[in-house]
Amino acid sequence: MDTDNLTKQAEEVEALSSIYGSDWITESEASRSYSIKIEENKNEIRLYVTLPDNYPAHSPPRYELSAPWMNRKAKEELHKQLDEVYLECVGETVIFQWVEKIREVLQALKPENQEPQPKPAAIVSLDLALLNINCPEITHGQVIVDRKSSFQGHAAEVHCAEDVQAVLTKLKQNKKILNATHNIYAYRIERKTAKGTTMLQDCDDDGETHAGSRMLHLLQILDQKNTLVVVSRWYGGIQLGPDRFRHINNATRQVIEQAGLLKK
């Protein structure tokens, strides 16, 4: 087996495990077989992949889709879309792109009997010097550096949209954070009403496509409540591929734990 292929496979598996957590399962280390559960809108697809010796340089992973609820035509269309994704990434790792394509397909489906969700409050810029707003305490995480790119998480306990606005504004008063290439954020706020408990949640990629939704997905997996996380990334000029999502997720989890907000 080509050493370069083996290295790229190992790096890809490590990144996917970091991004998707317990949803990413090693089926067999010997045969390099894995699976991942992708769930959106109460619909689930399980993707099974096996990495051949000449992947990613010369061939794609072998894959199967498990989705008993899908009809044959829909499944054939999804296979076609995954094949098209591979053709756009020949010679490169592709599993992350496949997972996100599947998630995109699921998100386009309208779930049956879906209850209306509270509309996320718009995040606007505030001048804390002019408004009587108490900004929640902000914890700044450790800086992660890879190939000249730097990642740093910031976390705060928030209980309303105004808290989120205040933290974002306070962070951007720091010129270094303001000038970051991306300031990606996600939050989840538990709200109790007369009708029960609802979850206000939202995210923003700030130009780093898919990063905000991945952060929000991590907060959901961790069952975080009343938590806002911002990850600042300063781009170093070298593309990191899927590794950037691993660093963003690691920065997210690290700063939540450092702030004492990580649920046990």
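The values are calculated or read from the model by the stated rules, or taken from the named source; none is laboratory data. Everything quoted here is computed from the prediction, not taken from an experiment. No Cβ is skipped: glycine too gets one built from the backbone with ideal geometry, and neighbour counts run over all protein chains shown. Just so you know, the surface numbers come from the protein's heavy atoms only, side chains and all, with ligands and any DNA or RNA stripped out. Shrake-Rupley method; radii C 1.70, N 1.55, O 1.52, S 1.80 Å.
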Report task. Can you tell me which residue among Ile189, Ile184 is crowded, with 18+ Cβ neighbours inside 10 Å, at pLDDT 90 or above and more than 18 Å from Ile248 (Cβ to Cβ)? Result -> Ile189
Report task. State which residue pairs qualify: first residue more than 30 Å from Asn43 (Cβ to Cβ) and in a loop (DSSP other than H, G, I, E, B) and inside the stretch 53-66, second residue open to solvent by 20 Å² or more (accessible area, probe 1.4 Å) and modelled with pLDDT of 90 or more in any location, beta carbons under 6 Å apart, and separation of 6 or more residues or different chains. Result -> none
Query raised in the report: Quick one: in the stretch 1-11, which of the residues that are touching a residue at least 40 places away in the same chain (Cβ under 8 Å) and loosely packed, with under 15 Cβ neighbours inside 10 Å is nearest to Glu92 (Cα to Cα)?
Result: Asp4
Report summary line: Selection over the stretch 18-50 where residues are modelled with pLDDT of 85 or more and either of a type outside the set (D, E, K, R) or assigned to a strand (DSSP E or B) (or both) yields a count of 22
**Report entry** Neighbours by Cβ (under 8 Å, 6+ apart or cross-chain): first from the stretch 75-101, farther than 23 Å from Arg214 by Cα; second in a loop (DSSP other than H, G, I, E, B) and open to solvent by less than 90 Å² (accessible area, probe 1.4 Å)
**Finding:** Lys75/Ala67; Gly91/Pro56; Gly91/Ala57
Query raised in the report: Any idea which residue in the stretch 159-200 is farthest from Trp234 (Cα to Cα), counting only those that are in a helix (DSSP H, G or I) and of a type in the set (Val, Ile, Thr)?
Result: Val164
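Go through the stretch 201-252 and give me each residue that's assigned to a strand (DSSP E or B), among the charged types (D, E, K, R) and open to solvent by less than 40 Å² (accessible area, probe 1.4 Å).
The answer is Arg233, and nothing else.
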Query raised in the report: Does the stretch 92-103 contain at least one residue that is loosely packed, with under 13 Cβ neighbours inside 10 Å and either outside any loop (DSSP other than H, G, I, E, B) or not β-branched (Val, Ile, Thr) (or both)?
Result: no
Query raised in the report: Restricting the search to the stretch 17-33, which residues are buried (at least 16 other Cβ atoms within 10 Å of the Cβ) and touching a residue at least 60 places away in the same chain (Cβ under 8 Å)?
Result: Ser18, Ile19, Tyr20, Asp23
Query raised in the report: What residue, of Glu64, Glu14, is surrounded by fewer than 18 Cβ atoms within 10 Å (Cβ to Cβ) and touching a helix residue (DSSP H, G or I) at 6+ places or on another chain (Cβ under 8 Å)?
Result: Glu14
